[in-house]
There are 2 protein chains.
Amino acid sequence: MDSFGDHELVTNHNISSNTTNLLDPEEFRRQGHMIIDFIADYYKNIENYPVLSQVEPGYLRKRLPKSAPFQPEPIETILNDVQDHIIPGITHWQSPNHFAYFPSSGSVAGFIGEMLATGFNVIGFNWMSSPAATELECIVMDWLGEMLSLPESFLFSGKGGGVLQGTTCEAVLCTLVAARDRVLHKIGVDKIGKLIVYSSDQTHCALKKASQIAGIHTENFRVLRTTKSSSFSMSPDILRQAIRNDIERGLIPMYVMATIGTTSTTAVDPLAPLCRIAKEYGMWVHVDAAYAGSLCICPEFRHFIDGVEDADSFSFNAHKWFFTTLDCCCLWVKKPSSLIKSLSTNPEYLRNKATDSNKVVDYKDWQMALSRRFRALKLWLVLRSYGVERLRELLRFHVELAKTFHKFLEGDKRFEIVVPRNFSTVCFRISPSSVESSTVDDQNKSENNKEKWLVERTNEVNAKLMDAINATGRVWMTHAVVGGIFVLRFAVGTTLTEEPHVVAAWDLIKEHADDILNAYV
Amino acid sequence: MDSFGDHELVTNHNISSNTTNLLDPEEFRRQGHMIIDFIADYYKNIENYPVLSQVEPGYLRKRLPKSAPFQPEPIETILNDVQDHIIPGITHWQSPNHFAYFPSSGSVAGFIGEMLATGFNVIGFNWMSSPAATELECIVMDWLGEMLSLPESFLFSGKGGGVLQGTTCEAVLCTLVAARDRVLHKIGVDKIGKLIVYSSDQTHCALKKASQIAGIHTENFRVLRTTKSSSFSMSPDILRQAIRNDIERGLIPMYVMATIGTTSTTAVDPLAPLCRIAKEYGMWVHVDAAYAGSLCICPEFRHFIDGVEDADSFSFNAHKWFFTTLDCCCLWVKKPSSLIKSLSTNPEYLRNKATDSNKVVDYKDWQMALSRRFRALKLWLVLRSYGVERLRELLRFHVELAKTFHKFLEGDKRFEIVVPRNFSTVCFRISPSSVESSTVDDQNKSENNKEKWLVERTNEVNAKLMDAINATGRVWMTHAVVGGIFVLRFAVGTTLTEEPHVVAAWDLIKEHADDILNAYV
């Protein structure tokens, strides 16, 4: 008996020879074809499901066994359970009637690329562990950088470079840590409590979370005010004033994130002046174009990122509005060495000749994790399967659909557009005047607090409208609150969405607006 | 002309009606079936490719165009390019002759699960965004926790809970930040420079990197010495002494990571005494069982994690040796609230009734990123398709294969086993005595430096052996250096590996050992 207690198993030595290998090619083929038909049928029938899942918390525990099965179960049984128990609990992000948040736009090419990556299942932490994974990523990031007309300094050819992160949160954290260490290297690590990070009240929460993770004091995280009058974009004047105040107090401005297409209202921060100020004070500028970045491959929309040449890093999510499945965040940096200085690890067990030669990129040093999937495949598949021209046409088509929706709103006096549309997202609401005129005298309404009453009532009416629409399961929209205004967001970009879906959504919105406004009379 | 310059496109309004939608179900079906056959054939022919890619740095730039194509390309062309240009640059982690690092063990079920997740392509950041994604994850993590006999306090039923992270690096960073903030909350954020993190010289580099990211001073990262005599496991005495020294210097012990199955030699740190000490000083203990954790679903191996009941968190990678494709790291914590306190964000645009009800888990607050894939599907598919019994049998089978290899080594005097085998990885080398006896007098060899000479020469011989074997493309192994010894690692666990592959690998090793030792004579 050996010391690990597994002596009794020796008799069972050739255990696997009696059963099929878990990666048996023919079993793979059999089940693979089955699942392709399952998913194809799912897309075919997707409009039969409520977009927003209508299940109650805890629904699944009631339906599944308490423990894992002891014996194997056939794929047919499992797929039946997916159909009966999982699909009802899914909110269908691929539905053409999905207009919530931002799109999660899948495509056949994106799916095929993901399958290839899963099939090869390489752990591409460094060049040597799968050269194609690293090299294809470098190439594709240069292709995409060129499509976006990023300055040469962001491309490998210009001593910069691109890397695929999982999500924007990771991209932001990596650049923030690089920026932090660049400063601390000069002033000493014990000064971490003096570093200041700047955002606006519209910046994605990813930056606050990244700051928290990176050890930036909560009170050193600045949230600059934006206003409706400037469409909720970050004000360079307010930034400069904040920086000056901080410097006067002995603090050290370190990082600012500018957003092209904020989450709430797709606001655009003015890159050129923000970069100018940041440069003056030696700060790192990251440009977060998570949603809107993809549209900048169209020459007529490229101006939105004018000024990026003075930023330190730029990212957008190919998994949002670029037909590449989650997760796939494209990050470019001007100085890969700043990432590498903060994020590299060189244990002996990963040492190899290629790394020692300094002739290769080891992407593990450009990201937080060590292991990494072969994500470049899906991006490559998308770029090749559709080509630059068709990708541009598709993005433009979504913008056109948003314009169509915008026109519907303009033609109906009950609604107002809250901020100008920049991309494929329209922010609107039932207007205060419609709410007011549809409401009989309220007992609580006096002349004094009429304005406040109207603001609250309008927000309430619009929240009700959203809930009513989402409860039908026929359309899914989400909201934002900006400047105290509850805003409905209509985000176009889901791959399956065509014009009739926008028209039907509009009809549904009108119908429910009628109901709600009438109920108040 | 509107202000965004896209006026000319209005004429092109119904652009997508002339072409197939990018998620057209029938096109999905056509290409999907094609790719299934492609990957099935890849597995069928996988032994025809060199395991370790033999390409040179920069090989791919020479073969691919400088820019993305303007026009779409057919899938047939792209798949030809995958075959001709990508596959030669792939290191084949799914090859049955892969014995490097740790396995990346795919399976049909894992693949199917990943396809379902990719097909649904939901962004499951909170419960509401896709209830099934969250609920299935909770259920599967409880199932798996039960299979590992984790104490109830790590399961949802015991007020703890499990979450799927991408990789161990992320799991470590999340727990480290939670531990950091738990302490800083008591002593003040300005004390971050006093926090101490403990590792051994065998701990995975993930911890050092996570500490760096979390703002722990480099000089506050302790690397405790291990020795060959204790099989490179962390010494509780050394830990205690280090803690005392730090406290005397006014520093604050905060976090220690214990490893079950280190990367270099699969050493096992003694959990029970380490947890006891950590508890005494109020430190967080994370248990990293990235590779070996899966084996603990077998009752006879469960003792390796005895003592885990006193740890704060535990993780293992289902994508290593549990037939689930990358990425899939299983993390359990006793106090989810400590993760949530550090990692939660609650912007208005994510607000929803389910979250407000406090009846649901919002996994975005348990991880670094906001967006998350529906990873639970693949784990669920693996557990159901194979069942507990078969999974145990497969893991035991891999251990048996490692024992077989171990026996081969024992029967050949030229080799020595460097550390006792714990799991499915064997650490060995050509022994110093074989090197010595096969070497004629060296000009540089004197009696004085003979010992040093022999150490160096032995390491050199073993490095040569590894390179020679890997250059054949027939087997891939990697190395470690422990206690100054260059060790060859033979890690069994790749799904397609069967007994004949181990036998063939052994024959190849012997053959090359002959060549190398003879060359020295």
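Read the figures in this text as sums done on the coordinates, not as results from a lab. Nothing here was measured: the structure is a model prediction, and the numbers come from that model. For neighbour counting, all protein chains shown are included, and Cβ atoms are generated from backbone atoms with ideal geometry for every residue, glycine included.
Quick notes on this one:
- Listed by chain and number, the aspartates and glutamates whose C-alpha is less than 12 Å from the C-alpha of residue B:359, apart from same-chain residues fewer than 8 away, are A:56, B:135.
- Near residue A:196, the amide H atoms lying under 5 Å from its own belong to A:252, A:254, A:255; only residues 5 or more places off or on other chains count, and H is placed 1.01 Å from N.
- Whole-Hz Karplus values for the range A:273-290 come out as x, 5, 5, 4, 5, 4, 4, 3, 9, x, 8, 8, 10, 9, 9, 9, 10, 3 Hz, taken residue by residue from phi with 6.51 cos²θ - 1.76 cosθ + 1.60 and θ = phi - 60°; glycine and proline positions read x.
- Peptides A:35-43, A:292-300, ordered by how many other C-beta atoms sit within 10 Å of their residues on average, highest first, read A:292-300, A:35-43.
- Relative contact order %, the range B:384-520, counting alpha carbon pairs below 8 Å whose residues are six or more apart: 27
- Placing a label point 7 Å from the Cα of residue A:303 along the Cα-to-Cβ direction, the residues of the range A:409-431 whose backbone N falls under 19 Å of that point are A:420-425.
- Relative contact order, whole percent, for chain A stands at 21, derived from Cα pairs under 8 Å and 6 or more residues apart.
- For residue B:500, inter-copy label distances in nm, listed shortest first [label point 7 Å out on the Cα-Cβ vector]: 5.6
- At 7 Å out from Cα toward Cβ: residue B:245 inter-copy label distances (nm, ascending): 4.6
- FRET efficiency for residue A:244 and residue A:44, using Cβ-Cβ distance with R0 set to 35 Å, rounded to 0.05: 0.05
- Here's the list of lysines a cross-link from residue B:450 could span, going by alpha-carbon distance under 26 Å and ignoring same-chain residues fewer than 8 apart: B:228, B:413, B:464.
- For residue A:420, the label point sits 7 Å beyond Cα toward Cβ; its separations from the matching points on the remaining copies run 7.4 nm, from shortest to longest.
- Shielding by partners for peptide A:300-307, expressed as the average number of C-beta atoms from other protein chains within 10 Å of each residue's C-beta, is 2.
- The spacing between the range A:51-71 and the range A:89-159, judged by their C-alpha centroids, is 32 Å.
- Counting only the Cα atoms, the protein assembly as shown fills a convex hull of 172 Å³ per residue.
- Three-way shape call for the range A:123-373 based on the alpha-carbon gyration tensor, with the a/c threshold at 1.5: oblate
- Structure-based [θ]222 nm, chain A - -39500 (n - 2.57) summed over DSSP H runs of at least 4, per residue, nearest 500: -13000 deg cm²/dmol
- Among the listed pairs A:194/B:191; B:334/B:378; A:335/B:191; A:209/B:364; B:186/B:341, a Cα-Cα separation exceeding 20 Å is found for B:334/B:378; A:335/B:191.
- Inter-site label distance for residue B:37 and residue A:20 at 7 Å from Cα along Cβ, in nm: 1.9
- Treating r as the C-beta distance of residue B:437 and residue B:407 and R0 as 25 Å, the FRET efficiency rounds to 0.60.
- For chain A: rounded, prolate or oblate by the Cα gyration tensor [a/c cutoff 1.5]: oblate
- Closest approach to the axis - chain A beta-carbon, rotation onto B, Å: A:215, 1
- Per residue of B:369-380, other chain Cβ atoms within 10 Å of the residue Cβ number 5 on average.
- By the count of other C-beta atoms within 10 Å, a proxy for reagent exposure, A:232, B:125 are ordered fewest to most as B:125, A:232.
- The range A:381-435: relative contact order as a whole-number percent, Cα under 8 Å and 6+ apart: 27
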